[in-house]
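Below is one structure, written out as structure tokens; the observations come after it.
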């Protein structure tokens, strides 16, 4: 832009060593305005309590200096005067942190306020306030403070006594607690503790679900044996898989999830082979379309599977490639009709990956999947188990998350070891701890050491050496 001409003038761009001019320079003000500003600054300094870090803006209409300036003769001029006071107070600090440290409380008591519109700027310029005194004003309902509803998020102490809302809006304290999540003191009474506030904040923060590996609660190895057959047959002979485990009441659906996290190092495969069969409920919202994508009965499912690309799942022994859960599922329909209350089955959820070759381009790649299968007893004269429901969700490939090891409380673990050693050896707890520390907290070695040296080094509770008596 240097030397750029605009409207007959040439622009010159040069680096400046001066700080960014974020404040209005004094020389820009008229002498009258500068004098008024100095008077307002004097008022502010006189009303600031350094020890308590509180700016006292109470009863401004009775301040002789402000009255002499004629600033509170009308409501409009009073509102402008308050805005000016807030702006001047804000200008005294170079950083927001310096401002938050210096002014932690503000009093607006006794200003005949009936709503916060005229003093709204306080929330904009001093959002970090911890104490706010609004006592002895004319607020008759919490809606008169509604513009401050999502302001002052760090407020700890609020005073509203002496306002009509105490009697006209008896449940005002409920809204106050909702509006100000860190509030502890209301009208001089404790309404929450710091510990309660922290506990609520902690509970509201999202936390990752701990991944501790598979939760596989099988029954007589039915689920394990099924999976060892299921994935190889799905890859090599889907017809045999259908005739073995599926019947006329089996249901199958697939869902394509295109917005899931992906690994940017792997080029994604196209979704075309699956999209027309996808029953993604977020995208497919009409009843007719959803019904068309629910495939029921082995023949119908078989026709669909013929249109799906060939796959190759990793061997189940490659544990890093799968997360598989299995749980008993009671109350399934008894295919024999003998048990009105239903029979037990299994629900299996497998998260993993498979290799695929896209049929139209012969492009090889990987996909991630989640497959939920409900198993129940087979019909008489058929295979012992059958698939009642088979739902598969497909995503672009992303590695299966590595299970996180369980968090071990080392101190609690040591404490329990000390108790157990003391119990087995009849030693006191201090001596049991010394014994364990001497063998680097190896429980078995501690017991051996005790047997070898109990006579001379590790007295029992019956020993006269305990407590320093030899």
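The values are calculated or read from the model by the stated rules, or taken from the named source; none is laboratory data. Predicted model, so just to flag it, every value in this text is computed and none were measured. Note that we place each Cβ from the backbone using ideal geometry, even for glycine, and neighbour counts take in every protein chain shown.
At a glance:
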read-out	value
Residue tally, condition in a helix (DSSP H, G or I), more than 13 Å from residue 253 (Cβ to Cβ) and without any contact (Cβ under 8 Å) to a residue 40 or more places away in the chain, over the range 271-298	3
Yes/no for residue 94 being at pLDDT below 90 and either assigned to a loop (DSSP other than H, G, I, E, B) or under 16 Å from residue 183 (Cβ atoms) (or both)	yes
Options 265, 253: the member that is out of contact with any helix residue (DSSP H, G or I) (no Cβ under 8 Å at 6 or more places or on another chain) and loosely packed, with under 12 Cβ neighbours inside 10 Å	265
Positions within the range 100-119 being closer than 17 Å to residue 141 by Cβ and part of a loop (DSSP other than H, G, I, E, B), in sequence order	112, 113, 114, 115, 116
Scope the range 177-236; condition at pLDDT below 90, touching a strand residue (DSSP E or B) at 6+ places or on another chain (Cβ under 9 Å) and assigned to a helix (DSSP H, G or I); matching residues	177
Residue count for the range 359-387, restricted to those that are part of a strand (DSSP E or B) and touching a helix residue (DSSP H, G or I) at 6+ places or on another chain (Cβ under 7 Å)	4
